[in-house]
């Protein structure tokens, strides 16, 4: 027990002595703080870094993404509506042309989305944009998607889940 008490006492003396520091200027009356602060103040060994602020750029990019989703998806819907009307009227040539126009619209949406999100400074937004763009482009060549849309009821069933799937990656950043 005596040894433990002695060790604690000596430790306390050593710590208090180290905290006082020593003045090497030779003038004990000099109270001017030394550069770098007192020796007992820890200075960080690595600089503190902050995350880059992408907010202004993200707002701009997301504004363009919203335009694509509102205007171009509306055009896609118009072509799909025509395709359904022509199919119901048994005009297969016109239905095929409308399907091709809808397919092209999906591909164009993907290309525009990729272009706009490539301008994003936030690498996560760029990646999400590329992912969404790829989904639009892939669906543009999906014949089954277009074959499943034969009526407006089928359109609602088929397209709602697809639109959510296409938009989800980038919408997480542009909500």
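The values are calculated or read from the model by the stated rules, or taken from the named source; none is laboratory data. What you see is a predicted model, and the numbers here were worked out from it, not measured in a lab. Backbone-built Cβ (ideal geometry, glycine too); neighbour counts: all protein chains shown.
Let's see how each residue does on (1) under 16 Å from residue 117 (Cβ atoms); (2) assigned to a helix (DSSP H, G or I); (3) at pLDDT 70 or above:
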| residue | (1), (2), (3) |
| --- | --- |
| 40 | no, no, no |
| 43 | no, no, no |
| 52 | no, no, yes |
| 61 | yes, yes, yes |
| 68 | yes, yes, yes |
| 71 | no, yes, yes |
| 75 | no, yes, yes |
| 78 | no, yes, yes |
Study note, to complete from the structure: Note on residue 70: of the conditions (1) free of Cβ contacts under 8 Å to residues at least 40 places away in the same chain; (2) over 30 Å from residue 56 (Cα atoms), unmet is (2)
